[in-house]
Amino acid sequence: MPVAPAVSAGPLALAGGKMWRVREPSGRLYSIIRLDTRGGVHGFGEAGVVEVPEFKAAMAALQGREATAYETVAVSGGLQGAVNMAMLDIVGKATQAPLYQVLGGPTRFKARAIATVKNSNNVELAHEAGFRAFSVPLPTPLSPNSGKQYVNLVMALWEELQKTGGDFVLDGGMRLSPGDAQMVAAALEKEHPLFLDEPCKLTHLRQVAKISDESVTPLGFGREFDTLEPFQDLLREQAVDVLRPSLHRLGISAIRRVSALAETYYTAVAPYHDGGPLGTAAGLQLAASLPNFVALQVPRVNAAEKKARSEMMSGWDEPIKDGFFELPTGHGLGVKVDEKALDRYEVKL
């Protein structure tokens with residue numbers, strides 16, 4: 001017989017909320033939610049694009065639940081990560097502490113950043129913005145199992161990137177065949193990239209484990225996972241060197257559980273984020289609580305995007321220096337959300 005969720009009338013009991021679907025000047029879309037408590041404390045979280053009926057269903061399920069139940073509360077659809085962030089934001093504000101202190105940190109006072117760039121031409125712009133590590137997409141494969149011809153394209157890209165300086169992640173986007181992924185990993189061994197990210201699909205984990213066994217080039221996987229089980233499979237098969245959990249998809253608590261498991265396999269964690277500044281702030285709080293954290297991947301933003309993001313986070317412009325973010329020091333997620341700015345950038349989809 002199903003058990004009804006525990007309902008509370010305490011000051012941190014959830015009592016409603018609001019959602020904004022935001023579009024930045026570049027067209028980047030994401031959703032920001034606010035959870036309200038009966039005691040008047042508000043928490044904010046970030047998700048991908050969420051439909052209004054999905055948000056209303058989540059609010060109905062959360063009504064009366066304590067914000068301190070962030071480890072056990074689950075909602076369906078794409079809001080799990082945002083709800084988890086918002087509940088933790090409430091707890092941090094209620095205890096008047098940065099979230100990383102609530103989570104037992106800090107394990108560090110700054111966090112290395114990886115900028116997502118569309119091509120090698122954007123690396124210089126990201127470098128000027130303070131980044132020193134970059135995720136660059138691999139060339140589109142000419143055909144399945146292109147072999148040496150494709151490897152030559154990859155190495156030509158690598159030579160071009162070396163002219164700009166910095167450290168690089170090469171992003172395969174799961175587009176390579178296992179055979180081509182194996183050849184690319186072998187060719188990159190002596191070049192020492194940070195890691196080769198999602199080079200191929202995970203249809204056959206043994207094939208991926210074989211690539212990992214036969215090359216010292218680190219492999220990263222996990223950006224598209226919505227649950228924790230696939231991470232466990234990767235670790236058990238020793239098919240991964242860097243786990244890549246998505247902040248939007250999983251949220252802070254689930255990534256902490258993944259990271260604890262990864263630590264027993266001596267595996268690093270590099271969370272992935274492709275949304276707004278609130279998600280970046282959440283990623284930094286997470287980073288400060290993970291012993292095996294290596295870097296946080298975030299979007300590279302242009303001047304118009306930077307202005308919009310600074311307005312939405314009330315002046316916090318994701319400052320980065322020499323490749324590292326400083327940790328936000330405010331309570332909860334550490335940033336102040338400007339709801340009037342969210343209203344200006346909200347779109348009706």
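The values are calculated or read from the model by the stated rules, or taken from the named source; none is laboratory data. No experiment lies behind these values; they were computed from the predicted model shown. Every residue, glycine as well, gets a Cβ built from its backbone with ideal geometry; the counts of neighbours run over all protein chains shown.
Results for (1) closer than 24 Å to residue 292 by Cβ; (2) in contact with a His (Cβ under 8 Å, 6 or more places away or on another chain); (3) part of a strand (DSSP E or B), shown as yes or no for each residue.
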| position | (1), (2), (3) |
| --- | --- |
| 31 | no, no, yes |
| 34 | no, yes, yes |
| 46 | yes, yes, yes |
| 64 | no, no, no |
| 73 | no, no, no |
| 113 | yes, no, yes |
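Restricting 212, 259, 246 to residues that are at pLDDT below 95 and of a type in the set (Ser, Thr, Tyr) narrows the list to 212.
I'd like the residue in the range 167-201 that is in contact (Cβ under 8 Å) with a residue 60 or more places away in the chain and outside any loop (DSSP other than H, G, I, E, B) and, out of all such residues, is surrounded by the fewest Cβ atoms within 10 Å (Cβ to Cβ).
At the first step, the residues of the range 167-201 found to be in contact (Cβ under 8 Å) with a residue 60 or more places away in the chain are 169, 194-195, 197, 199.
Pick out the ones that are also outside any loop (DSSP other than H, G, I, E, B) and you get 169, 195, 197.
Values: 169: 24, 195: 26, 197: 28.
Among residues in the range 167-201 that are in contact (Cβ under 8 Å) with a residue 60 or more places away in the chain and outside any loop (DSSP other than H, G, I, E, B), the one surrounded by the fewest Cβ atoms within 10 Å (Cβ to Cβ) is 169.
Across the range 202-227, the number of residues qualifying as crowded, with 16+ Cβ neighbours inside 10 Å and either among the hydrophobic types (A, V, I, L, M, F, W, C) or not in a helix (DSSP H, G or I) (or both) comes to 14.
Just to be sure before I move on: is residue 44 over 19 Å from residue 273 (Cβ atoms), of a type in the set (Phe, Trp, Tyr) and assigned by TED's automatic domain parsing to the domain that holds residue 92 in the structure I sent? Please lay out each step first, then the result.
On the way: over 19 Å from residue 273 (Cβ atoms): no; of a type in the set (Phe, Trp, Tyr): yes; assigned by TED's automatic domain parsing to the domain that holds residue 92: yes.
When the stated conditions are applied, residue 44 does not pass them.
Residues that are of a type outside the set (A, V, I, L, M, F, W, C) and part of a loop (DSSP other than H, G, I, E, B) were ranked within the range 269-291; the one that is farthest from residue 302 (Cα to Cα) is 291. Among residues of the range 44-79 being under 17 Å from the mean Cα position of the chain (by Cα) and under 18 Å from residue 13 (Cα atoms), the one that is surrounded by the fewest Cβ atoms within 10 Å (Cβ to Cβ) is 44. When residues in the range 258-279 are screened for being more than 8 Å from the chain's Cα centre (by Cα), buried (at least 20 other Cβ atoms within 10 Å of the Cβ) and hydroxyl-bearing (Ser, Thr, Tyr), 2 of them pass. Of all residues in the range 228-257, those that are buried (at least 21 other Cβ atoms within 10 Å of the Cβ) and part of a helix (DSSP H, G or I) total 9.
Of everything in the range 140-163 that's part of a loop (DSSP other than H, G, I, E, B) and surrounded by 16 or more Cβ atoms within 10 Å (Cβ to Cβ), which residue is modelled with the lowest pLDDT? Per the stated criteria, the residue is 146. Checking each residue in the range 105-135 for being β-branched (Val, Ile, Thr) and over 22 Å from residue 304 (Cα atoms) picks out only 107.
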